[in-house]
Amino acid sequence: MLSTLRDLALEGLDGLMAHRVRSLLSTLGILFGVAAIIGILSIGEGAKREQERMIAQLGILNFQIQARDLDDEDDDVKKEILRKSEGLSSRDVRALRAALPDAEHVGGMVEVRLRDVVPRPPDGARIYLMGAEPEYLASSNLVLLRGRKLTQLDEQRVAQVALLGRGVAQDLFNTQRVIGERVRLGSVWVTVVGVVTDGSGTEGEASVEGIELRDRNRDVILPLSTANQRFRRSDELAELSEIQVSVGAPLQVLGHSMLARRIIDRLHRDQPDTSWTVPIELLTQSQEQQRIFNLVMGLIAGISLLIGGIGIMNIMLASVLERTREIGIRLAVGATPWDIRMLFLSEATLISLVGGVLGVAAGYGISAGVAAFTGWATAVPVWAVVLAAMLSMAEGVLFGLLPAQRAARLPPVLAIRAG
């Protein structure tokens with residue numbers, strides 16, 4: 001059996017080498033089709049992984065309630081909202097803790113505009129100031145590198161202490177000795193008690209589903225009470241910028257978020273002064289959109305693979321016509337229709353095999369090129385390579401079958417005479 005397969009492969013290769021240009025063109029059709037499928041799916045897969053990574057920064061077991069910016073509202077509408085609701089506040093945090101006793105963490109955070117920092121950071125280095133409760137930090141992706149965390153005692157004492165993001169610590173002190181150093185934030189002096197890093201791996205600023213994400217390595221973090229009491233904010237701004245709720249299991253997220261929404265709506269008298277982010281919902285939406293994208297783009301790329309298959313059929317039909325005499329002689333000296341059929345199928349399969357292998361390599365090249373020249377995240381999924389390879393091989397068999405059948409059915413005498 002092995003000898004038969006080897007002989008078929010060698011004879012098929014001889015047939016292709018006899019018509020190099022035509023064989024090359026048919027191979028290119030398969031190559032471009034496979035490369036297009038892998039390249040397009042790699043872009044989609046890279047986008048999916050990048051979006052999932054950014055959504056994971058928010059925490060799959062978390063959901064966030066943000067204070068809405070009301071500056072876009074009409075003055076009358078804005079006044080009515082402010083009259084009926086005090087905005088996101090510590091009262092909301094207390095209410096959620098009481099109503100969600102099995103939640104892992106419920107904590108608030110406020111962002112403060114930072115006007116001046118001493119020691120001064122390098123030109124162009126952005127530093128953000130935020131106040132956060134220990135419960136908020138416990139449900140975040142921050143990882144403690146050195147020192148200690150902020151505690152409930154810091155919160156109660158309105159302690160003038162701070163955590164520095166890794167990037168801020170490097171900019172301000174450029175040394176390993178950071179713990180115990182003093183930093184002036186505006187007119188307020190604070191003592192550094194810890195250095196943290198953003199465990200999500202986010203760098204710079206990004207956006208997912210309209211939600212702005214920020215690299216927490218650029219943050220200076222104070223106790224929430226310290227930020228609210230030591231730094232004056234506009235009377236029109238809510239007490240808190242965000243509340244984050246963390247639960248113990250994915251199945252609890254939606255139920256807890258729905259209950260929390262009813263509580264906040266009641267406390268705020270149904271005023272539209274908050275926005276909600278439920279990462280697990282964003283993840284589900286993102287995956288559904290990605291499946292649709294992969295299906296549509298895969299079908300588009302499949303058209304080029306179909307054209308490659310038509311090219312195989314074309315060259316094989318032409319080969320049958322040119323080799324009619326040869327087929328007749330083979331049949332006359334003892335070859336069976338099965339042998340003729342397998343000979344032509346082997347040639348079609350070889351074209352597909354070579355085109356598929358080169359197409360996979362070209363697909364990886366397209367993926368790397370797109371990533372290098374556009375900065376997009378790309379990733380070649382194994383299933384895309386397997387799918388493209390299987391489709392190319394199937395094309396060789398399916399589109400080579402008709403020419404092979406035609407060759408096998410030629411009457412020997414008529415074939416020799418026609419040749």
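The values are calculated or read from the model by the stated rules, or taken from the named source; none is laboratory data. In this text, all values refer to a predicted model and were calculated from it rather than measured experimentally. Cβ: placed from backbone, ideal geometry, glycine included. Neighbour counts: every protein chain shown.
Of note:
- Residue identified as in a helix (DSSP H, G or I) and either touching a residue at least 12 places away in the same chain (Cβ under 8 Å) or not aromatic (Phe, Trp, Tyr) (or both) among Ala379, Ala388: Ala388
- Restricting attention to the range 92-105, the residues that are in contact (Cβ under 8 Å) with a residue 60 or more places away in the chain and either assigned to a helix (DSSP H, G or I) or within 24 Å of Thr226 (Cβ to Cβ) (or both) total 6.
- Residue in the range 107-115 that is more than 30 Å from His268 (Cβ to Cβ) and either part of a helix (DSSP H, G or I) or assigned by TED's automatic domain parsing to the domain that holds Ala260 (or both) present: yes
- Scope the range 106-135; condition under 18 Å from Arg214 (Cβ atoms) and basic (Lys, Arg); matching residues: Arg113, Arg126
- Scanning the range 250-279 for residues that are within 17 Å of Asp102 (Cβ to Cβ) and aliphatic (A, V, I, L, M) yields Leu251, Val253, Leu254, Met258, Leu259, Ala260, Ile263.
- Whenever a residue of the range 76-91 is part of a helix (DSSP H, G or I), it has no partner that is among the hydroxyl-bearing types (Ser, Thr, Tyr) and surrounded by fewer than 16 Cβ atoms within 10 Å (Cβ to Cβ) lying with C-beta atoms less than 9 angstrom away and at least six residues away or across chains.
- Only one of the listed residues (Val190, Val196) is part of a strand (DSSP E or B), modelled with pLDDT of 90 or more, under 29 Å from the mean Cα position of the chain (by Cα) and hydrophobic (A, V, I, L, M, F, W, C). That residue is Val196.
- Among the residues making up the range 127-145, those that are assigned to a strand (DSSP E or B) and either surrounded by fewer than 17 Cβ atoms within 10 Å (Cβ to Cβ) or not assigned by TED's automatic domain parsing to the domain that holds Leu163 (or both) are Val143, Leu144, Leu145.
- Within the option set Leu259, Leu299, Leu251, Leu295, being surrounded by fewer than 18 Cβ atoms within 10 Å (Cβ to Cβ) and under 30 Å from Pro403 (Cα atoms) holds for one residue only, Leu299.
- All positions within the range 146-175 that are in a helix (DSSP H, G or I) and surrounded by 15 or more Cβ atoms within 10 Å (Cβ to Cβ): Asp154, Glu155, Arg166, Gly167, Val168, Ala169, Gln170, Asp171, Leu172, Phe173
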